[in-house]
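Have a look at the structure below, then the notes.
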Amino acid sequence: VYTAIAMTIRFIGKAYPAKFTDVAAPAFGTTKGAFLKPSTTILLGMLSTAYMAHFNAPKFYTELKNNTVPRYMTVVSISFAISIALVAWIASVGFLTFGKASSGLILNNYSSQDTLMGVSRIAVAVALVFSYPLAFVGARDGILDLFSVKNRSPGVLNSLTVGILSALTGLALVIPDVSFVLAFAGASLGNALIYIFPGLMFRGAVRKLSSSTSRQKREVKVALGTAVVGAVLGVVGATKAVQSIF
């Protein structure tokens, strides 16, 4: 929230490039219909990463006080609404300020001499550090499940934690743009979680029914069609993401 407010203050005050000149100047084009280009799938891939933390959903449900489905849906709806509004706000203000010159990490566009945005960098760093374990634990547990590791003693968990963090830190040191990570991961894993896996799971569930209705059979076709669309978007998005980095 602080970052969104700080970015809005800088946008309204037109501080860039008027006040701070040690960063890339804003760049705006005149091309119409740019959102129809294949490169738009990079943005779709980045947005798809929002669904890659859903492995925490069962945990949140079981830990919710009086965990009825209606109460859980209320929590999810409010949380998503807040997240969507905040991300849309930051993305819009960032683009309106810097245009085509916007960095994959928008805070990189702001001057190191800008105290207001300097505090924002600290705030975002704190948020990332303390929210990272939520995603990391899911990844670690997924690796253990994938390789059918039964022994999950503290020693095994600590060793795996150090190993994964070391590998990820090494990748972070050599990949220059965080937007590539978001775009590629979203186009591959994100699209699979949103479009492909649900369609296949629904088809499997309907097949197990002793008697499926004609409506369910039609819904299976729609679900599989959506899976195909998701696969196409994923392939195009991943390809464009790789092209952008090279």
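The values are calculated or read from the model by the stated rules, or taken from the named source; none is laboratory data. Keep in mind the model is a prediction, meaning the values are calculated, not measured. Positions of Cβ are backbone-derived with ideal geometry, glycine not excepted, and every protein chain shown enters the neighbour counts. Surface areas here come from the heavy atoms of the whole protein model, side chains and all, with no ligands, DNA or RNA. Shrake-Rupley method; radii C 1.70, N 1.55, O 1.52, S 1.80 Å.
Would you mind computing the Rg to Rh ratio of region 125-246 from its alpha-carbon coordinates, Kirkwood style for Rh?
With Rg and the Kirkwood Rh in hand, the quotient comes to 1.09.
Checking understanding here: applying a Kyte-Doolittle mean of at least 1.6 and a length along the axis of at least 20 Å (C-alpha), which whole DSSP H helices in the chain pass?
Within the chain the helices that satisfy the rule are 69-98, 154-174.
If R₀ is 30 angstrom, what is the calculated FRET efficiency for the pair A57 and F20, using the beta carbon separation as r and rounding to 0.05?
In this case the efficiency is close to 0.10.
Sticking with the crude label model, points 7 Å out along Cα→Cβ, report the distance from N158 to A88 in nm, one decimal please.
4.7 nm
What's the local net charge at N56, with K and R +1, D and E -1, over the other residues with C-beta under 12 Å away?
-1
Return the Rg/Rh ratio of the chain with Cα-based radii and a Kirkwood Rh.
Radius of gyration over Kirkwood radius for the chain works out to 1.01.
Using a 1.4 angstrom probe and counting only protein chains, how large is the accessible area of D145 in Å², to 10?
Accessible area, nearest 10 Å²: 100 Å².
Out of residues 5 or more away from G99 or on other chains, whose amide H comes under 5 Å of its own, with H placed 1.01 Å from N in the peptide plane?
Under 5 Å from the amide H of G99 lie the amide H atoms of A27, each far enough along the sequence or on another chain.
Which one of L200, V222, L116 is farthest out on the positive end of the charge dipole of the chain, using unit charges on Cβ (Lys, Arg +1; Asp, Glu -1) and the Cα centre as origin?
V222
What ranking do 212-224, 97-109 get when scored by the average of other Cβ atoms within 10 Å per residue, highest first?
Output ranking for 212-224, 97-109: 97-109, 212-224.
Using 0.36 nm times the number of residues separating S103 and V129, minus their current alpha carbon distance, what extension gain do you get?
7.2 nm
Per the Kirkwood definition applied to all pairs of different Cα atoms, how many angstroms is the hydrodynamic radius of region 20-145?
For region 20-145, inverting the mean 1/r across all distinct Cα pairs yields 17.8 Å.
Once neighbouring chains are kept in place and the probe is 1.4 Å, which whole percent of the accessible area of the chain is contributed by carbon and sulfur?
Carbon plus sulfur share of accessible area: 71 percent.
Which pairs in the list K65/K221; K14/K240; K14/K100; K59/K150 are over 26 Å apart, alpha-carbon to alpha-carbon?
K65/K221; K14/K240
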